[in-house]
Amino acid sequence: GPAGCVLANRLSASPDRRVILIEAGEDYAPGHEPDEIRDPYYRAVYHAAHLWPGTRVHWPQVSDDGGAPAPQPLPYAQARVIGGGSSVNAMMAVRGLAGDFDGWEAAGVNGWGWRHVLPYFRKLETDREFVDPAVHGQDGPLPIRRIPREDWPPVAVAAGRALARDGHTFIDDLNAAPQDGYARVTLNNLADRRVSGAAAYLTADVRARDNLRIVSRTRATHVLFDGRRAVGIAAKGPGGDTTFHSQTVILSAGALQTPALLQRSGVGPASALGELGISVIADNPGVGTGLQDHPTAGVGMVMRSDSLQDPAL
């Protein structure tokens, strides 16, 4: 995923370390991605080749009589390609709410308050419009831009006019001080191409480092343990089963695959692991629970046939 690309970059910057980045999907060097990934519109998420096959989630639903029927599994798009979700999802570089980070800190998650994370938001970006050094960065690997209002299509202009008429405030810089209102989406791309975590952090110079090795089309199946110490990864690649031994193991497989990988490795709620016949390394009831995703509501409209994009859409 995106964090794995960042970590591979940062860790291999020290020549005394040897780093292996294991990717279940394909590895594409910057400039060599398929057209649907490079497209600044997110049509890559509609191409199954870049997704985990068969991923389903159970969405809890409440019936009219108040009963909770058995949830039906629904398809859930999860990237399986270098760069993870940043290579297939919509390119919306919207920062989290300062109050949420401060809430984490108040709950005991030290080092995750807004004042702690803001320097890293600045570090990763080059904002192409706003230059306040207290809020935005100017020399990071990820370009940040917004669609100028003069370039809005008529439907966006009409939506903005309706929102303003109903009393909503226009927010010029959504990442400066997140608040209620309507705004231009903050994008991590250029006008002609996506800039994923892989494109930003696994550049040609980084890939040329002697101490960095990228292994693609290889799925990590479980963590190897010596007692309670992680000592490597078991994986399945084009040549069959293989193992990678290391002093440090970092999991960056996303919000769904990471806890699943931990549970398969024996780290998770002991009762659930026991039911599956998995030997327990560490009884941690929090693994695999508490997932939160952002709320969204899609607004559909009928388009003229000459306005359609990729047939996959």
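The values are calculated or read from the model by the stated rules, or taken from the named source; none is laboratory data. As the structure is a prediction and not an experimental result, all values here were calculated from the model. Virtual Cβ from ideal backbone geometry, glycine too; neighbours counted across all protein chains shown. These area figures cover heavy atoms from the full protein model, side chains too; ligands, DNA and RNA do not enter into them. Shrake-Rupley method; radii C 1.70, N 1.55, O 1.52, S 1.80 Å.
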Practice problem: Report, by chain and number, residues whose modeled amide H sits under 5 Å from the one on residue 173, excluding near sequence neighbours (fewer than 5 apart, same chain). | Solution: none
Quiz item: Hey, in the GNM for the chain with a 10 angstrom Cα cutoff, which one of 175, 188, 110 fluctuates hardest?
Solution: 110
Self-check item: Candidates 49, 234, 156: whichever shows maximal mean-square fluctuation once the chain is modelled as a Gaussian network with Cα springs under 10 Å
Solution: 156
Practice problem: Would you mind telling me which residue in 191, 235, 134 has the biggest mean-square fluctuation in a Gaussian network model of the chain, where springs connect alpha carbons within a distance under 10 angstrom? | Solution: 134
Practice problem: Please report, in whole Å, how far the alpha carbons of segment 163-203 spread along each principal axis, starting with the longest. | Solution: 45, 21, 10
Exercise. Can you bin segment 14-154 into rounded, prolate or oblate? Criterion: square roots of the alpha carbon gyration tensor eigenvalues sorted a ≥ b ≥ c, rounded for a/c under 1.5, prolate for a/b above b/c, oblate for the rest.
Key: rounded
Exercise. Can you list which of the trypsin sites (Lys or Arg not before Pro) found in segment 197-251 are DSSP loop residues with at most 11 other C-beta atoms within 10 Å?
Key: 228
Quiz prompt | Under the Debye formula (equal points on every Cα, no solvent term), log10 I(q)/I(0) of the chain at q = 0.08, 0.14 Å⁻¹ | solution = -0.45, -1.38
Practice problem: Quick one: compute a quarter of the convex hull surface over the Cα atoms of segment 156-254 and quote it in nm². | Solution: 11.8
Self-check item: segment 109-155 - Debye-derived log10 I(q)/I(0), Cα point model, q = 0.33 Å⁻¹
Solution: -1.12
Practice problem: Any chance you could look up the accessible area of residue 152 with a 1.4 Å probe, heavy atoms only, rounded to 10 Å²? | Solution: 50
Exercise. At a temperature of 37 °C and a viscosity of 0.692 mPa s, determine how fast segment 81-234 diffuses translationally according to Stokes-Einstein, using the Kirkwood radius over alpha-carbon pairs as Rh; express D in µm²/s, rounded to the nearest whole number.
Key: 175
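Based on DSSP H runs of at least 4 residues, each adding -39500 (n - 2.57), what is the mean residue ellipticity at 222 nm of the chain after dividing by all its residues, to the nearest 500 deg cm²/dmol? Mind showing how you got there, number by number?
Numbers: 9 runs with 73 residues, N = 313.
So the calculated ellipticity at 222 nm is -6500 deg cm²/dmol.
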